[in-house]
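The values are calculated or read from the model by the stated rules, or taken from the named source; none is laboratory data. Keep in mind that what you see is a predicted model, and the values were worked out from it rather than measured. Glycine also receives a Cβ, built like all others from the backbone with ideal geometry; neighbour counts cover every protein chain displayed. Accessible surface is based on the protein model in full, side chains and every heavy atom, while ligands, DNA and RNA are left aside. Shrake-Rupley method; radii C 1.70, N 1.55, O 1.52, S 1.80 Å.
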Amino acid sequence: MALLIGCLFILGAMNLPAAKAPLGQKQLEAQAELIVTGKVVAVESRVQKSRVERTFGIHRDKVYTLTIKVASISKGTGVKVDQEIRVVAWQPSVRIPPHPGLQGHDSIPGKGDTVKMYLKWNKAGKVWEPLPPNGIKIKKEAK
């Protein structure tokens, strides 16, 4: 009984983040450093140890590297039309034990899809990252 009470106390004391609510249009535009529309020319994915989920257990994320050919720029500098940029997005793959928390990006586009992306620069990874959870808008899916 004491063990059960102790476990409940520890679980209650843990700071578990909740899933992030989608950002409104004004929030997306204000928080993004770069807003581009373009076509996905390549998609690569890999499963790796989660850099987001730090609680006890086995946690893996599916990380997507998207290559986007920029068609237009609504906000930001340093990128030109017709330039290809790398964008890294993620979604949880494995959570053992399951915990509430960040769920990555809502939608991951496929090759050939036309997208609008609200991006921030990740200095450490030297890549663009969409604002979570809804910084990727699929405008037109490839056939």
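When the trypsin sites (Lys or Arg not before Pro) in region 81-127 are filtered for DSSP coil states and for at most 10 other beta-carbon atoms within 10 Å of their beta-carbon, the remaining sites are Lys123, Lys126. Its DSSP H runs of at least 4 residues, each contributing -39,500 (n - 2.57), put the calculated 222 nm mean residue ellipticity of the chain at -4000 deg cm²/dmol, to the nearest 500. What the Cα convex hull of region 88-143 gives, in volume per residue, is 105 Å³. In the structure shown, the pairs Lys69/Lys139; Lys20/Lys75; Lys75/Lys111 are assessed against 21 Å; a Cα-Cα span above that value is assigned to Lys20/Lys75; Lys75/Lys111.
Accessible surface area normalised per residue over the chain is 63 Å², counting heavy atoms of protein chains with a 1.4 Å rolling probe. How would region 11-100 be classified by its alpha-carbon gyration tensor: rounded, prolate or oblate, with rounded meaning a/c under 1.5 and the a/b versus b/c comparison settling the rest? In terms of gyration-tensor shape, oblate.
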